[in-house]
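Nothing in this text is a laboratory measurement; each read-out follows from the coordinates by a stated rule. Here the structure is a predicted model, which means the values were calculated and not measured. Positions of Cβ are backbone-derived with ideal geometry, glycine not excepted, and every protein chain shown enters the neighbour counts.
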Amino acid sequence: MIEIAIFTLLALGVMTGGLMILLGRRPATHAMGFVTALLSVAGLFALLHQSFLFFGQVLVSVGGVVIVTLIAILTVNLREESLPPEPHATRWLIGAAVVVAPLSLLLYRALTSLGDTFPPVSDTFGGTRSLGTLLFHDGVLPFEILSVLLLTAMVGAIIIGKKEQSYDRKS
């Protein structure tokens, strides 16, 4: 019974964070909604007894992605006067609710009809040993390709972000 209450609170946290992202007027509100949603997802991982995924979510998503997002928001320094007007925001919200409500009902019915048809999971599922074996033995090539791609993207972002480029100038 306590797990259901904790799950409900965490699910409400994810939904609240999502709504803060969608409906917030200031960039800092969007960032705090992002933090709320990601921490709630980390709590769901903890509820599933997946400590590695919990710590990974907290360290990588909340600790890295959100901090970079906050730094970007603070350096851009947007003012509300510079934002374009939103004349149809209420219509978009009502339209989204009309689309999401039937889809949510359909998803709820599909998930409740499944019952307990999922196969049992071993105790080592999601552990560091099985994840390491999968990542560094079976998927070493995609892992290395992804690391080179991320390094290239980071170098490209640094080059694009420089204020003055002196590569084309002849001294």
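Details
- Point-charge dipole on Cβ atoms (K/R +1, D/E -1) for the chain, about Cα centre, debye to 20: 560
- Label point at Leu150 placed 7 Å out along Cα→Cβ; residues across region 34-57 whose backbone nitrogen lies under 18 Å: 52-57
- Expressed in Å, the radius of gyration and Dmax of the Cα atoms of region 1-80 are 14.0, 47.
- Modelled spin labels at Leu141 and Phe125, positioned 7 Å past Cα toward Cβ, are 2.8 nm from each other.
- Between Thr16 and Thr90, the contour length at 0.36 nm per residue exceeds the Cα-Cα span by 24.8 nm.
- Only one residue of Ile6, His49, Val65 has its Cα farthest out toward the positive end of the dipole of the chain, where Lys and Arg carry +1 and Asp and Glu -1 on Cβ, and that residue is Val65.
- The chain: DSSP helices with Cα axial extent of at least 24 Å and average Kyte-Doolittle hydropathy no lower than 0.0: 2-23, 27-47, 89-114, 140-161
- Protection proxy ranking of 13-22, 134-143 - average other beta-carbon atoms within 10 Å, highest first: 13-22, 134-143
- q = 0.08, 0.18 Å⁻¹, the chain: log10 I(q)/I(0) [Debye, one scatterer per Cα]: -0.43, -1.35
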